[in-house]
Amino acid sequence: MSRGQAYLQRLNDERNVWLDGERIRVTEHPAFRGTLHTIESLFNLVDDADTRETVAYWDEQTGGYVHQAFRVPRTSLEINNRAAAFRLWSDRTYGVMSRLSDYARSRLTGWYATRDAMAVYDPAFGGKIAAYYDEAKRKDAFLTIVQRDPQINRALPVGEDEDAMLRIMSTNTEGVVLRGAKMVATAAPYADDIIAYPIQRIPGHRPELAHMVIVAAGSPGLHMVCRESFAASDLDTAHPLSMQYDEMDAVLFFDDVFVPWERVLLHNNPEAVWQIRCNAASSSLAYHQSIIRLHSKLEFITAITSSIAKEIGVDSFLNVQEQLGEMISQMHTIEGLIIASEAQAAPDVHGNWLPSFKYIETARNLGNRYYPRAVEILKTIAAGGLIQIPSGNLELENSMSPMMNKYLGGVTMQAPEKIRLFQLAWELTGSPLGARHDLYERFYAGDPVRNRASQYMQYDKDRLYARVEPWLHSKG
Ligand SMILES: Cc1cc2nc3c(=O)[nH]c(=O)nc-3n(C[C@H](O)[C@H](O)[C@H](O)COP(=O)(O)OP(=O)(O)OC[C@H]3O[C@@H](n4cnc5c(N)ncnc54)[C@H](O)[C@@H]3O)c2cc1C
């Protein structure tokens with residue numbers, strides 16, 4: 001059985017996935033067919049002789065090949081190896097699939113790599129994370145992470161509204177029982193395990209809200225309620241991206257979900273949870289993947305926009321060239337920041353090599369503006385062409401074909417190719433999938449407002465103040 005098939009088989013458990021008001025089986029429902037097929041084929045690249053050395057590495061601990069996201073980089077070359085694996089997966093999916101588990105695996109790898117430092121906060125954490133890291137590697141587990149609690153009333157101080165926070169209701173010798181909800185859990189309906197912890201700092205007087213757990217997606221009492229599916233059917237060739245790459249988002253309801261102690265990584269410990277949330281190795285390794293994925297997506301949307309500009313004959317106009325130039329600058333800026341983060345990688349106190357976070361953070365904080373701007377440029381250049389795409393599947397072999405061919409062709413393309421090009425553009429700009437992606441890029445890494453403010457707050461501003469200091473006392 002292939003690695004991809006083994007993954008799919010694991011999804012045939014008793015998980016509670018709800019779509020359109022019904023409990024469904026993800027491996028059988030058409031909404032998941034294209035997405036699961038894509039993930040299956042990506043997983044199989046680890047065993048494909050042509051891609052194995054890029055996507056995976058030989059792991060002494062497990063005696064097998066495992067995905068590079070599990071690699072603890074001990075040299076700068078190993079950071080480059082990780083990057084090559086991320087690039088291959090994201091290029092194969094044009095950056096449109098973001099939570100393929102390489103982000104969550106990287107977070108796990110960062111926590112594992114720095115587990116000794118956590119001993120001062122919780123002596124049991126190191127052993128638990130090491131055991132789970134080993135298990136996830138051996139299983140080639142598909143992981144996802146969820147941090148946010150439901151959007152009930154953000155004005156209330158943390159912990160004031162009981163229903164707003166995932167909390168431990170009881171404990172026994174076997175484990176803990178969780179109640180509450182979490183949002184947004186991308187990919188959870190087809191994950192093996194979900195890593196959950198709070199995004200915000202938990203006050204010291206509410207320790208029962210401060211936990212970090214690894215929840216099996218098939219746990220009794222865990223209900224994953226999906227948003228509407230954007231996946232097109234196999235027959236709907238007009239929506240090729242929606243057909244293959246609709247990564248599902250879900251809200252998770254924990255109706256007294258039991259989690260065994262070995263998967264309760266942190267318990268009643270606000271300071272430890274905050275340290276995990278801010279762990280430098282985990283953030284650096286995980287967001288390195290995110291910005292490589294972002295680069296693939298910017299390249300894809302730039303490619304579509306440039307092709308459209310050429311095909312409708314507007315690429316000679318100065319205003320169009322200026323906007324295409326802006327897209328290319330976006331691409332190069334993110335590429336440059338990726339290169340800088342790798343070139344300035346350095347070992348931490350544990351000997352783990354980490355890409356430089358200041359460049360990664362900058363790319364992440366630019367990305368939430370770049371992608372929406374790229375969509376805006378694509379709409380501006382493609383203009384009315386986006387809305388003159390014939391509906392349904394492309395079928396030019398009918399009585400309309402002479403007119404279609406005559407009027408819907410482009411500068412060099414015949415009507416069928418040009419319509420396909422515009423279908424891609426519509427998927428990114430006007431379809432439900434496109435709207436979701438615009439939102440995703442703005443928010444997937446957290447609130448962009450607070451992320452940018454945090455970059456300012458963390459920055460060593462004394463260096464900046466020193467630059468103006470001499471002028472403050474000059475007499476000239
Ligand atoms: C498509 C999609 C997929 C996602 N997938 C995942 C995932 O897989 N895992 C995961 O953990 N998360 C995921 N997220 C969620 C993401 O982490 C959150 O959307 C993000 O952290 C923002 O939180 P929120 O949506 O609750 O917005 P809120 O925090 O409710 O913010 C709403 C608005 O109010 C403002 N605001 C709120 N509170 C404050 C404050 N204290 N100070 C100033 N301004 C404030 C914000 O700036 C924002 O404009 C996903 C989000 C999207 C859109």
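Magnitude of the charge dipole for the stretch 320-469, about its Cα centre and with charges confined to Cβ atoms of Lys, Arg (+1) and Asp, Glu (-1), is about 280 debye. If you take the Cα centroid of the stretch 268-304 and the Cα centroid of the stretch 1-17, the two points sit 26 Å apart. May I ask which of Lys137/Lys358; Lys379/Lys418; Lys310/Lys379; Lys310/Lys418 have a Cα-Cα span longer than 18 Å here? Result: Lys137/Lys358 exceed 18 Å.
Each Lys or Arg adds one and each Asp or Glu takes one away; over the other residues whose Cβ falls under 13 Å from the Cβ of Leu143, this sums to +2.
Considering only Gly159, Gly385, Pro355, whose Cα is most displaced toward the positive end of the charge dipole of the chain, charges sitting on Cβ of Lys, Arg (+1) and Asp, Glu (-1)? Highest projection toward the positive end goes to Pro355. Relative contact order (percent) for the stretch 99-205, with alpha-carbon contacts under 8 angstrom and 6 or more residues of separation? 30 percent. Candidates Gln9, Ala346, His29 compared by Cα position along the dipole of the chain: farthest toward the positive end lies Ala346, with charges placed on Cβ.
Label zone of Arg369 (point 7 Å out along Cα→Cβ, amide N under 18 Å): in the stretch 271-306 this covers 295, 298. Over all other residues within a Cβ to Cβ distance under 12 Å of Phe230, the charged ones net out to -4, with Lys and Arg as +1 and Asp and Glu as -1.
Each Lys and Arg Cβ is given +1 and each Asp and Glu Cβ -1; about its Cα centre, the chain then shows a dipole of about 1100 debye. Across the stretch 190-207, computed HN-Hα scalar couplings (Karplus, 6.51 cos²θ - 1.76 cosθ + 1.60, θ = phi - 60°) run 10, 8, 6, 9, 10, 9, 10, 7, x, 7, 9, 6, 8, x, x, 7, 10, x Hz from first to last residue, x flagging Gly and Pro. Helical content of the chain, expressed as a calculated mean residue ellipticity at 222 nm, amounts to -15500 deg cm²/dmol (DSSP H runs of 4 or more residues, -39,500 (n - 2.57) each, divided by residue number, nearest 500). For the stretch 26-60, applying the loop criterion from DSSP together with a ceiling of 13 other beta carbons within 10 Å to the GluC sites (Glu not before Pro) yields Glu28, Glu60. Here is the list for the stretch 315-421: chymotrypsin sites (Phe, Trp or Tyr not before Pro) lying in DSSP coil, each with at most 15 other C-beta atoms within 10 angstrom of its C-beta, are Phe317.
Ranking Gly367, Ala415, Leu464 by how far each Cα lies toward the positive end of the dipole of the stretch 348-476 (charges on Cβ) leaves Leu464 at the top. Using Cα centres only, tell me the gap between the stretch 353-406 and the stretch 177-251 in whole Å. Cα centroid of the stretch 353-406 versus Cα centroid of the stretch 177-251: 27 Å apart. Each Cα pair under 8 Å and six or more residues apart adds its sequence gap; the mean of these over the residue count of the chain is a relative contact order of 16 percent. List the residues of the stretch 146-165 whose backbone N lies under 17 Å from a point placed 7 Å from the Cα of His205 along the Cα-to-Cβ direction. Residues passing the 17 Å test: 156-162. Remark on the chain: hydrodynamic radius 24.0 angstrom, per the Kirkwood mean of 1/r across alpha carbon pairs. Computed over the stretch 78-217, the P(r) curve from all C-alpha pair distances, binned at 10 Å from the origin, holds 10, 34, 37, 15, 3 percent per bin. Separation of the stretch 49-68 from the stretch 103-161 is 24 Å, based on Cα centroids.
Loop-located GluC sites (Glu not before Pro) in the stretch 383-457 (DSSP state other than H, G, I, E, B) with a sparse environment of at most 12 neighbouring Cβ atoms within 10 Å: Glu395, Glu397.
Each value in this text was obtained by applying a stated rule to the coordinates, not by laboratory testing. Because the structure is a prediction, the values reported are computed rather than measured. Every residue, glycine among them, receives a Cβ derived from its backbone with ideal geometry; neighbour counts consider all protein chains shown.
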